[in-house]
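Student: Dumping the structure here so I can ask a few things about it.
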Amino acid sequence: MKKKTLKYPKELYVDSGYFDGDMDCEYIDEIQKLVKVRKQHECCGYGKVCKKKINLGDYAVVDKALFPGEGWKSCYICVPCIEEFLEESGQVESQESEI
């Protein structure tokens, strides 16, 4: 089985700013972290609206927010979406251009 690796340091995935300015609504608390998923999720990446399956054991960035009257809601973003965002936003140089 091929070991899953990340192109960039783990901190960049959480500190990417992917969710900055994303919500038009009020929330009480928000948590973002890089996780290895324990069950399958659908990527809720925006822009292209990825919708890829994030499989058991894959890395993903999870954003959890507490909404008044609704409770906690979670959104999982696949690593390729975060890496593309890091590259397009100029936070890192695309590794493809280094070949």
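Student: Would you point out the residue of region 49-84, among those that are in a loop (DSSP other than H, G, I, E, B) and in contact (Cβ under 8 Å) with a residue 24 or more places away in the chain, that is surrounded by the fewest Cβ atoms within 10 Å (Cβ to Cβ)?
Tutor: Of all residues in region 49-84, those in a loop (DSSP other than H, G, I, E, B) come to 49-52, 55-58, 68-70.
With in contact (Cβ under 8 Å) with a residue 24 or more places away in the chain added as a condition, the list becomes 50, 52, 57-58, 68.
Details: CYS50: 17, LYS52: 13, GLY57: 11, ASP58: 18, PRO68: 9.
Looking at residues that are in a loop (DSSP other than H, G, I, E, B) and in contact (Cβ under 8 Å) with a residue 24 or more places away in the chain, I get PRO68.
Student: Looking at region 8-30, is at least one residue part of a strand (DSSP E or B), among the basic types (Lys, Arg) and modelled with pLDDT of 80 or more?
Tutor: To start, the set of residues in region 8-30 that are part of a strand (DSSP E or B) comprises 29-30.
Imposing the further condition that a residue be among the basic types (Lys, Arg) reduces the set to none.
No, because not a single residue in region 8-30 is part of a strand (DSSP E or B), among the basic types (Lys, Arg) and modelled with pLDDT of 80 or more.
Student: Do you know which residues across region 75-90 are over 16 Å from LYS53 (Cβ atoms) and in contact with a Leu (Cβ under 7 Å, 6 or more places away or on another chain)?
Tutor: LEU86, the sole residue that qualifies.
The values are calculated or read from the model by the stated rules, or taken from the named source; none is laboratory data. These figures come from a predicted structure and were not determined experimentally. Glycine also receives a Cβ, built like all others from the backbone with ideal geometry; neighbour counts cover every protein chain displayed.
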